[in-house]
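**Q** Quick one: this structure, given as structure tokens, is what I'll be asking you about.
The values are calculated or read from the model by the stated rules, or taken from the named source; none is laboratory data. Note that this is a predicted model, so its numbers are computed, not measured. Cβ coordinates were reconstructed from backbone atoms using ideal geometry, including for glycine residues, and neighbour counts include every protein chain displayed. Only protein heavy atoms, including side chains, enter the accessible area calculation; ligands, DNA and RNA are left aside. Shrake-Rupley method; radii C 1.70, N 1.55, O 1.52, S 1.80 Å.
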Amino acid sequence: MTGRFAPTPSGRMHIGNVYAMLGAWLSARKSGDSIRLRIEDIDEPRVVPGAAETMMRDLEWLGLGWDDEPVFQSSRHALYQEALELLSKLSFDEISDIISTGSNDSKPCSTTAGNEAATSEATPLIYPCFCSRADIRAASAPQEGDRFTVYPGTCHRLIANDPQRVKQRLASGDRHSLRIATTDTTIAFHDEVFGNQHYNLAQDIGDTIVRRSDGIYSYQLAVTVDDLDMGITDIVRGRDLLRSNALQIYIRKALIAAGFQSSEPADAAISYAHLPLIDNAAGQRLAKRERSLDLGILTAHG
Ligand code: GLU
């Protein structure tokens with residue numbers, strides 16, 4: 001098995017991040033497995049200069065070492081682009097078949113590449129989305145408690161019903177993100193902490209951004225590509241990513257179907273553990289601004 005630490009260098013780690021890192025480290029080291037460090041600095045506007053180096057020093061100070069060289073997402077744009085191009089060759093119908101039949105082999109399925117005429121009207125798996133946040137809010141059902149919004153599908157309907165209009169908007173340079181369409185299927189997985197999980201992709205997650213309108217590859221795409229590319233088979237992280245795990249399993253299946261080369265066999269068993277989050281005394285999730293529990297203050301106090 002290979003585990004990973006995947007911190008986002010947006011500030012100093014706090015006790016909650018450290019708890020997740022400790023869980024990941026223990027899970028790997030208890031059986032002598034390796035653990036990799038990946039600095040998740042893909043969202044460059046959120047990155048705080050120097051935070052990655054401070055996090056590495058903090059992990060070392062805690063005695064949580066890692067193997068091999070750290071991987072920086074900011075240096076892997078070409079890989080994310082290649083993954084996106086592969087996914088863009090899949091149609092929505094192809095992926096629906098793959099997901100519903102449970103087939104997970106690594107043979108590339110037939111793609112629209114070189115066969116544009118025959119399948120030009122097939123709805124693509126990856127489609128442009130022209131919606132602003134305000135458009136999405138206006139068209140969405142009220143949010144659930146965890147503030148997760150399921151995309152209402154506006155631009156998925158547009159590309160399915162009026163692909164010419166989409167072409168016109170792209171040709172006129174309309175600002176857009178790219179979304180991955182989700183199928184109406186349930187992804188099931190076992191979590192070592194929370195037990196068996198079931199998420200309906202379309203209803204519980206919805207079509208998700210894979211490249212933002214500012215050109216930045218999304219967390220969901222980058223993390224799935226990286227876990228596959230780095231051969232990660234032991235995922236330990238916070239409970240806030242439990243729902244995302246179902247989406248990442250879906251994107252992973254699509255990448256494998258599209259022929260993305262991974263260092264692990266496509267059917268490698270992956271262990272998932274999502275750890276409860278640490279709350280403050282008022283029962284709210286710890287926020288970065290609670291400085292008293294950040295590693296700067298904690299290390300200063302020994
Ligand atoms: N970078 C994410 C975070 O710091 C974790 C991503 C992951 O473990 O998949 O919250």
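**Q** Determine, for the chain, the count of lysine pairs separated by eight or more sequence positions (or lying on different chains) whose alpha-carbon distance falls under 25 Å.
**A** 4
**Q** What spacing in nm lies between the two simple spin-label points modelled at Glu121 and Glu82, each 7 Å away from Cα in the Cβ direction?
**A** Result for the modelled spin labels: 3.6 nm.
**Q** Also: Find the all-direction average of the projected area of the Cα convex hull for the chain, expressing the result in square nanometres with one decimal place. If you can, show how the numbers build up before the last one.
**A** On the way: hull surface 67.7 nm².
Its average projected convex-hull area is 16.9 nm².
**Q** Using 7 Å Cα-to-Cβ label points, what is the Phe148/His301 separation (nm, one decimal)?
**A** 3.4 nm
**Q** For an R0 of 22 angstrom, estimate the FRET efficiency from the Cβ-Cβ distance between Asp67 and Asp97 and round to the nearest 0.05.
**A** Efficiency, from the Cβ-Cβ distance: 0.05.
**Q** Would you mind telling me the share, in percent, of accessible area of the chain contributed by carbon and sulfur at probe 1.4 angstrom?
**A** Working: 7450 of 14750 Å².
Heavy-atom surface of the chain belonging to carbon and sulfur, 1.4 Å probe: 50 percent.
**Q** Next question, about the same structure. Could you order peptides 54-63, 240-249 by the average number of other Cβ atoms within 10 Å of their residues, highest first?
**A** Order by mean packing, descending: 240-249, 54-63.
**Q** Separate question: Over the chain, calculate the relative contact order: mean separation of alpha carbon pairs under 8 Å at least 6 apart, over the residue count, as a percent.
**A** Computed over the chain, the figure is 24 percent.
**Q** Also: How far apart, in nanometres, would the label points at Gln261 and Ser292 be if each is projected 7 angstrom from Cα along the Cα-to-Cβ direction?
**A** 5.4 nm
**Q** So what's segment 167-270 giving for Cα Rg divided by 2.2 N^0.38 Å, two decimals? Each step should come with its number before you reach the end.
**A** Values: Rg = 15.1 Å, N = 104, 2.2 N^0.38 = 12.8 Å.
It is 1.17.
**Q** Which of Tyr217, Tyr19, Tyr80 moves the most in a Gaussian network model of the chain with Cα springs under 10 Å?
**A** Between Tyr217, Tyr19, Tyr80, it is Tyr19 that shows the largest mean-square fluctuation.
**Q** While we're here: Give the Debye-formula value of log10 I(q)/I(0) at each listed q (0.17, 0.25, 0.33 Å⁻¹), with one equal scatterer per alpha carbon of segment 1-45, two decimals each.
**A** -0.51, -0.88, -1.14
**Q** Where does the charge balance sit around Glu264 when Lys and Arg score +1, Asp and Glu -1, over other residues with C-beta under 10 Å from its C-beta?
**A** Computed value for this residue: -3.
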